[in-house]
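The values are calculated or read from the model by the stated rules, or taken from the named source; none is laboratory data. These numbers were taken from a predicted model, which means no experiment stands behind them. Cβ placement follows ideal geometry from the backbone for every residue including glycine, while neighbour counts extend to all protein chains displayed. Note: areas computed on protein heavy atoms with side chains; ligands, DNA, RNA excluded. Shrake-Rupley method; radii C 1.70, N 1.55, O 1.52, S 1.80 Å.
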Amino acid sequence: MPAWNRSWVPTVAAALVFIAGLIDIVSAVTPEWRDRLDVIRQILPGAASRQAAAFTVVVGLLLLLLARGLRRRKRRAWLGVVTLLSASVVLHVVKGLDVEEAVASAALVVGLVLARGEFQAKGDPTTRWRALWVGLLLTAASITVGMLLLRMGAGRLLGPHPLTTQFTHVVEGLVGIHGPLRFSSDRLSDLVTRMLLTMGLLTIVAVVYLALRPPEPRPRLSAEDVERMRALLTRHGDADSLGYFALRGDKTVVWSPTSKACVAYRVVSGVMLASGDPLGDNEAWPGAIREFLRIAAEHAWIPAVIGCSETGGKAWERVGLSALEFGDEAIIDVRTFTLEGRDMRNVRQAVGRVERAGYTCRALRMGDLPADERKRVKEQAEAWRGAETERGFSMALGRIGEPSDDNCVVVMAFDRNGPDSGGSGCGGSGSGGSGSAHSGSAQDRDGSLDKRSEPRLRALLHFVPWGPRGLSLDMMVRDRAADNGLNDFLIVSAVRAATGLNVDRLSLNFAFFRSALERGQRLGAGPVTRRFRGLLVFLSRWFQIDSLYRFNAKFQPQWSPRYICFPTNRDLPRIALAMLEAEAFLVWPRLTMLPGARRMAQLTRSRPSH
């Protein structure tokens, strides 16, 4: 069923179209055969030949732009390429009786028509920002071609022609103004003028069309989808620790025919990326997976899954995808966790040091926090993150403090001025009931109010529900000026408070390529294993691969392998790029308004109407 198994046809077609675009441009800017021109001029006026050459350059540029869409099997790109190549056949004949180029374009049209069944993918969602990008790209391409044309005809320029004057001539020609340069050949002068004007008009038309076209909204979860997904999490939420993250606001969802299972995904750079296992009844997974693959094939997106469990990986393998282990999830069993023993010495010392420094903690459900304190926690978390890009897709919710997430748990650490009561206790006994949140001042043991300063929140963990008896780590933020070891203290505090929260297991972060890191440092490890580990340690300077593994390993967790699923090995580089972008390890620059313009727009929108 999947069309991506026959991807060689679109790839070859795109390469040929790209070459045809280059041939069109080169053919238009090089001199024609004089004897062929004489034959054409006996039938058509000379101006028609020169205008055809200008149009040929435009057709070549458009073919270069559409080649990528053709490679992705886009139906609109196929229609555009067939139309342009058909026009190219006529233009090559008119501009200079270029039979060779015309025959090549005609043959390519015939091939594309015969292979039309391979180009059925729908267009991608777009926004009006595309108009700006296309306008800039076409303008840059037009200026480049114009400068190249002037450079090739430099011998026919009259008078001085410095580079700045040539640039001015090209820019003015794009808007229909004859620039300051003069040519010894009227033919070349007309060709440059017509070509620049044609490209300028093409740029204007493309920008206006894209700006006025109704933009397609980006995929988002509807209120009905969220309600149905929460119902599935209530019944099957304990199956996967990543299930709750399907409720991220930047995902959309596809349902099985019975609505008993669904797959949440996001499209990133042409990759339809799902995370975790499908939600819902295992028996209904195949229906949701088939629908997921159908949509991927319909839009020519590469289907991929990040972070699925072994059970989920087997389900995806049954439909033709391959599975590859890429990391392990650290899971703490609250009932067996202990700080005793040599292996826990570093954690035990870090926790003791933080406790001696006077830090206290509180752990409770978000629904037990008053609205004002919940707001302060949210603002503090955002302030600690600052301008840093929020990372996460497979193991991040992307929000905190929303009313719909009342079952989430927050574990907060306060300095010596902070509260030591309320909520679930984080003491060594691990007991403590759920109490009301602290409203401000701490209370002394004798009952009198302590007049110390307002409690200072120094760090927090945010967990999402993992079924009725588990929690999955979502966020870990802290004041960078706080004492070292505070994160260790928070993890241990969360374990201690788990009993009061009716929780048996905690899921921590992923440890990417944990097995490779672990095997690479063992005695007797082979050279390939050691070198791969060295590469991972080197990449840890940017992606925290080794440091995240070491942090998780300190707590002696149980390791649960996680997998990525993909169609073919050649898709892995593109999927890896999409994963880095989805997890915000790779952030592309985006066009945004300047701060002054943004404030002006906000003032304009907020100004009352009269």
The condition of being modelled with pLDDT under 85, open to solvent by 30 Å² or more (accessible area, probe 1.4 Å) and over 22 Å from residue 354 (Cβ atoms) holds, among 388, 379, only for 388
All-but-one check, residue 528 against (1) open to solvent by less than 70 Å² (accessible area, probe 1.4 Å); (2) part of a helix (DSSP H, G or I), failing number (1)
Scanning the stretch 492-506 residue by residue, the ones that are within 17 Å of residue 395 (Cα to Cα) and surrounded by 23 or more Cβ atoms within 10 Å (Cβ to Cβ) total 1
Scanning the stretch 90-143 residue by residue, those farther than 24 Å from residue 192 by Cβ, of a type in the set (Val, Ile, Thr), open to solvent by 40 Å² or more (accessible area, probe 1.4 Å) and at pLDDT 80 or above turn out to be 103, 110, 113
Subset of the stretch 153-186, residues at pLDDT 70 or above, closer than 20 Å to residue 30 by Cβ and out of contact with any helix residue (DSSP H, G or I) (no Cβ under 6 Å at 6 or more places or on another chain), comes to 157
Per the filter on the stretch 253-288, residues of a type in the set (Val, Ile, Thr), over 21 Å from residue 234 (Cα atoms) and open to solvent by less than 10 Å² (accessible area, probe 1.4 Å) are 268, 271
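Residue-wise test of (1) at pLDDT below 90; (2) closer than 30 Å to residue 550 by Cα.
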site: 262; (1), (2): no, no
site: 278; (1), (2): no, yes
site: 289; (1), (2): no, no
site: 296; (1), (2): yes, no
site: 299; (1), (2): yes, no
site: 308; (1), (2): no, yes
site: 314; (1), (2): no, yes
site: 322; (1), (2): no, yes
site: 329; (1), (2): no, yes
Of the candidates 318, 348, the one satisfying the condition of being surrounded by 14 or more Cβ atoms within 10 Å (Cβ to Cβ), without any contact (Cβ under 8 Å) to a residue 60 or more places away in the chain, out of contact with any strand residue (DSSP E or B) (no Cβ under 8 Å at 6 or more places or on another chain) and more than 30 Å from residue 68 (Cβ to Cβ) is 348
Residue hits (the stretch 321-345; over 25 Å from residue 576 (Cβ atoms) and either open to solvent by less than 80 Å² (accessible area, probe 1.4 Å) or of a type in the set (Gly, Ala, Ser) (or both)) are 331, 332, 333, 334, 337, 338, 339, 341, 344
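With respect to residue 338, is the statement that it is modelled with pLDDT of 90 or more, among the hydroxyl-bearing types (Ser, Thr, Tyr) and more than 28 Å from residue 264 (Cα to Cα) true?
So residue 338 fits the description; yes.
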